[in-house]
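Notes follow once the structure below has been shown.
The values are calculated or read from the model by the stated rules, or taken from the named source; none is laboratory data. Quick caveat: nothing in here was measured; it's all calculated off a predicted structure. Using ideal geometry, Cβ is built from the backbone for each residue, glycine included, and neighbour counts are taken over all protein chains shown.
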Amino acid sequence: MKTIITICLLFLSCFYIKAQEQNPITWMANYKAINSSEGIIVITANIEKNWHMFSQRPTDAGTIPTSFNFENSKKYQLIGITEEIGAKEEFIKEFDATLFLFTTKAEFSQKVKLLSKTGFNIKFKVEYMCCNDKMCLPPKTIELSIKTQ
């Protein structure tokens, strides 16, 4: 009996480890100059087929909204909030809620004012959560960096 339980636990742990290894979202970021003192950071998430990622909009459904945390620096200043493009409203039966989410691709933009004339890196973190029709992965935080002019 102990052998059967051990085998079952090992088998189940393999599924858990496999779920932890999945990474259905790939991120890219780049900087586009508007003029010599302003620019836009464009952040793109490519989402694998059958997966979705949640919008920045807060919800009581238990999902974690996508969020951005830019490193403080005397070299730049954020202008406004991080905007999102392409979130679609959809009823998700597993959460029994209508949520804003992305499938295939998500795009975000953050306008910045440059306070330094020389090129430098802007570092930031992205926290996000993604699901498919069978499971949700735990929220994940990644670090990204872009170089200005």
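If you check Lys93 against the conditions, is it modelled with pLDDT of 95 or more and basic (Lys, Arg)? The answer is no for Lys93. Here the strands (runs of 3 or more DSSP E) wholly within region 16-78 that include at least 1 residues being hydrophobic (A, V, I, L, M, F, W, C) and either under 14 Å from Thr148 (Cα atoms) or touching a residue at least 60 places away in the same chain (Cβ under 8 Å) (or both) are 25-33, 38-47, 52-54.
Consider Phe95 against the criteria (1) in a loop (DSSP other than H, G, I, E, B); (2) closer than 18 Å to Leu115 by Cα: it satisfies all of them except one. Which criterion is unmet? Result: Phe95 passes all but (2).
Condition first: over 30 Å from Phe120 (Cβ atoms), of a type in the set (S, T, N, Q) and over 11 Å from the mean Cα position of the chain (by Cα). Can you find one or more residues in region 75-95 that meet it? Let's see the steps before the verdict.
Step one: filter region 75-95 for residues over 30 Å from Phe120 (Cβ atoms), giving 87-95.
Next cut, of a type in the set (S, T, N, Q) only: none.
Taking every residue of region 75-95 in turn, none turns out to be over 30 Å from Phe120 (Cβ atoms), of a type in the set (S, T, N, Q) and over 11 Å from the mean Cα position of the chain (by Cα).
If you check Ala33 against the conditions, is it out of contact with any Gly (no Cβ under 7 Å at 6 or more places or on another chain), at negative phi and either modelled with pLDDT of 90 or more or surrounded by 10 or more Cβ atoms within 10 Å (Cβ to Cβ) (or both)? Quick ask: steps written out before the conclusion?
Working: out of contact with any Gly (no Cβ under 7 Å at 6 or more places or on another chain): no; at negative phi: yes; either modelled with pLDDT of 90 or more or surrounded by 10 or more Cβ atoms within 10 Å (Cβ to Cβ) (or both): yes.
Considered against the rule, which asks whether it is out of contact with any Gly (no Cβ under 7 Å at 6 or more places or on another chain), at negative phi and either modelled with pLDDT of 90 or more or surrounded by 10 or more Cβ atoms within 10 Å (Cβ to Cβ) (or both), Ala33 comes out as no.
Against the numbered list (1) under 21 Å from Thr59 (Cα atoms); (2) among the polar types (S, T, N, Q); (3) modelled with pLDDT of 95 or more, Thr98 comes up short only at (3). Among residues of region 87-116 that are on the phi > 0 side of the Ramachandran plot and touching a residue at least 24 places away in the same chain (Cβ under 8 Å), those with a beta-carbon under 8 Å from a residue that is buried (at least 16 other Cβ atoms within 10 Å of the Cβ) and of a type outside the set (Asp, Glu) at least six positions away or on a different chain give the pairs Thr104/Ile47. The residues of region 50-96 that are within 21 Å of Lys140 (Cβ to Cβ) and among the small types (Gly, Ala, Ser), listed by number, are Ser55, Ala61, Gly62, Ser67, Gly86, Ala87.
You will find that of Ala97, Ala45, the residue that is surrounded by 14 or more Cβ atoms within 10 Å (Cβ to Cβ), of a type in the set (Gly, Ala, Ser) and touching a strand residue (DSSP E or B) at 6+ places or on another chain (Cβ under 6 Å) is Ala45 and no other. Here Tyr128 does not qualify as hydroxyl-bearing (Ser, Thr, Tyr), touching a residue at least 40 places away in the same chain (Cβ under 8 Å) and within 13 Å of Ile41 (Cα to Cα).
Here Lys117 meets the list (1) charged (D, E, K, R); (2) more than 13 Å from Tyr76 (Cα to Cα); (3) assigned to a loop (DSSP other than H, G, I, E, B) almost entirely, failing just condition (2). Filtered by the rule that a residue be surrounded by 11 or more Cβ atoms within 10 Å (Cβ to Cβ) and either among the polar types (S, T, N, Q) or modelled with pLDDT under 95 (or both), region 65-84 gives Thr66, Ser67, Asn69, Ser73, Gln77, Thr82.
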